[in-house]
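The values are calculated or read from the model by the stated rules, or taken from the named source; none is laboratory data. The shown structure was predicted, so the numbers you read here are calculated from the model rather than taken from an experiment. Neighbour counts are summed over all protein chains in view; Cβ atoms, including those assigned to glycine, are modelled from backbone coordinates with ideal geometry. Heavy atoms of the whole protein, side chains included, go into the accessibility calculation; ligands, DNA and RNA do not. Shrake-Rupley method; radii C 1.70, N 1.55, O 1.52, S 1.80 Å.
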Amino acid sequence: VVGEAGPDRYQYFVNKYLAGRTPVERALTLGCGAGEFERGMAQYNFCREHEAVDIAEGAIEKATALARAAGYTHISYAVADLNLLIASAFAWMYHRTGDTTYRDRGDQVFAGGVTGAYLDGPKQFNQNYMWSFDYVTWRSE
């Protein structure tokens, strides 16, 4: 019925896609902004550990403050340039979880990036070069 209050978008998502399967162990949000999604999902016991990243330092500071004020200690925020996270994201998840699926997929992405790298532009070269070290470090730990 029009005008009737229903579940908010976070509750709708949990009910529709995760009914009976929450909390999930771990979640990662890429491009979290000021953290509205993470705080919204936390109301419904979405996950035990929620990590979120964004390129904007000010947004991360705001997200962190708002999550702490709400008592959501299971949410952590970090500044990261998502334009640079491809194989490194897999290696980071492997480093955090020990799940070899992330390592194996990261290896495939990394190998494809090496053989198919576009190195004629300074931005692409810098990104491939800089994040290769993080990939190898995170993957090896």
Count of residues meeting criterion [under 25 Å from Leu18 (Cβ atoms) and either surrounded by fewer than 18 Cβ atoms within 10 Å (Cβ to Cβ) or of a type in the set (Val, Ile, Thr) (or both)] in region 45-63:
4
Looking at (1) over 17 Å from the mean Cα position of the chain (by Cα); (2) farther than 30 Å from Glu141 by Cβ; (3) not basic (Lys, Arg), which one does Glu36 not meet, given that it meets all the others?
(1)
Kindly indicate the residue of region 23-38 that is open to solvent by 50 Å² or more (accessible area, probe 1.4 Å) and at pLDDT 95 or above and also nearest to Ser88 (Cα to Cα) among those meeting that condition.
Phe37
Do the conditions hold for Glu51, that is, is it within 13 Å of the chain's Cα centre (by Cα) and over 22 Å from Tyr102 (Cα atoms)?
no
Output the residues belonging to region 1-49 that are at positive phi and touching a residue at least 12 places away in the same chain (Cβ under 8 Å).
Gly31, Gly33, Gly35, Asn45
